[in-house]
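Encoded as structure tokens, the structure appears first; notes follow it.
The values are calculated or read from the model by the stated rules, or taken from the named source; none is laboratory data. Note that the coordinates shown come from a computational prediction; the quantities given were computed from them, not determined experimentally. Every residue, glycine among them, receives a Cβ derived from its backbone with ideal geometry; neighbour counts consider all protein chains shown. The protein model used for the area step is the full one, side chains on, heavy atoms only, and it has no ligands, DNA or RNA in it. Shrake-Rupley method; radii C 1.70, N 1.55, O 1.52, S 1.80 Å.
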Amino acid sequence: MAAVLGIVGGTATGYAIQADRPPTPLPPLAQQGLGYPAKPLPAGEEAEPLTAEEDHQVRTDGDLRELLIGGPAGAREIAAPWLDNGWVPLRAYAHYFDGGGYSFSSMLENGTRRIAGRAWEESGGRQGNLVLVQYRPSINAQGPADLDMLPLGMITRSGNAGDPVKGTAKGRYYVYDAGSAVDRPRFRAYAAAHRGDVLIKINLFDSEPISKKDIRTLIERQLERL
């Protein structure tokens, strides 16, 4: 009993001593410039709200279609069976962009909110498309976290690990040699990255080889727009 009382008494004394001491300030953040506002405000004052240009959430809560970049200079916008006035229905997205392996119910479970898209064709016959997939803020939203929607089997078939997209955590772009096609060889390039709650996916198709610079430029332009 004496031993138990000794432990309890020592613990209580320790708490009492700690309570009388002034609070120890936390060490500064390893990455500076994360606080808002940058400097503490006088008592009673509040920080001004961020402008629409500064608050990414405000930008992406508007018409998502307005944040889509256009194709390269000289490209003309074309109709696509998976597009409906600039929006991509969830079922069409699952079929055209994931080989049907990504089910409608899975998209809903992963917090898919809406999808905007655009397709274009260049003068030389190269075609491209772009989609912005926005997710709801949810603990179950998986899409932006792991870029789960790479084209079905592309990496496993080719062994192509791609190249990182500068300024992103997991964004990558890929260039593939011509695959088997009925009418002509078809080269392909693909890029995926996310900014906040929006996942970007870009595809290029051509009968001629596609340079890494072409697909990299597009994904960088779209990231900058967001």
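Here is a yes/no grid of residues against (1) within 21 Å of G196 (Cα to Cα); (2) at pLDDT 95 or above; (3) among the basic types (K, R):
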{"position": "A38", "(1), (2), (3)": "no, no, no"}
{"position": "A43", "(1), (2), (3)": "no, no, no"}
{"position": "A75", "(1), (2), (3)": "no, yes, no"}
{"position": "H95", "(1), (2), (3)": "no, no, no"}
{"position": "S105", "(1), (2), (3)": "no, no, no"}
{"position": "L108", "(1), (2), (3)": "yes, no, no"}
{"position": "E121", "(1), (2), (3)": "no, yes, no"}
{"position": "G125", "(1), (2), (3)": "no, no, no"}
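So for segment 140-154 (the condition being modelled with pLDDT under 90 and part of a strand (DSSP E or B)), does at least one residue qualify?
To start, the set of residues in segment 140-154 that are modelled with pLDDT under 90 comprises 140-154.
Still in the list and also part of a strand (DSSP E or B): none.
For segment 140-154, residues modelled with pLDDT under 90 and part of a strand (DSSP E or B): absent.
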For A193, the lone unmet condition from (1) under 20 Å from W87 (Cα atoms); (2) of a type outside the set (D, E); (3) modelled with pLDDT under 90 is (3)
Considering (1) more than 18 Å from the chain's Cα centre (by Cα); (2) open to solvent by less than 40 Å² (accessible area, probe 1.4 Å); (3) modelled with pLDDT of 95 or more, say which one L68 fails and leave the rest. (1)
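Residue under question is D177, and the condition is that it be of a type in the set (D, E, K, R), at pLDDT below 85 and surrounded by 17 or more Cβ atoms within 10 Å (Cβ to Cβ); does it hold? First the steps, then the outcome.
On the way: of a type in the set (D, E, K, R): yes; at pLDDT below 85: yes; surrounded by 17 or more Cβ atoms within 10 Å (Cβ to Cβ): no.
Spelling it out, it is not the case that D177 is of a type in the set (D, E, K, R), at pLDDT below 85 and surrounded by 17 or more Cβ atoms within 10 Å (Cβ to Cβ).
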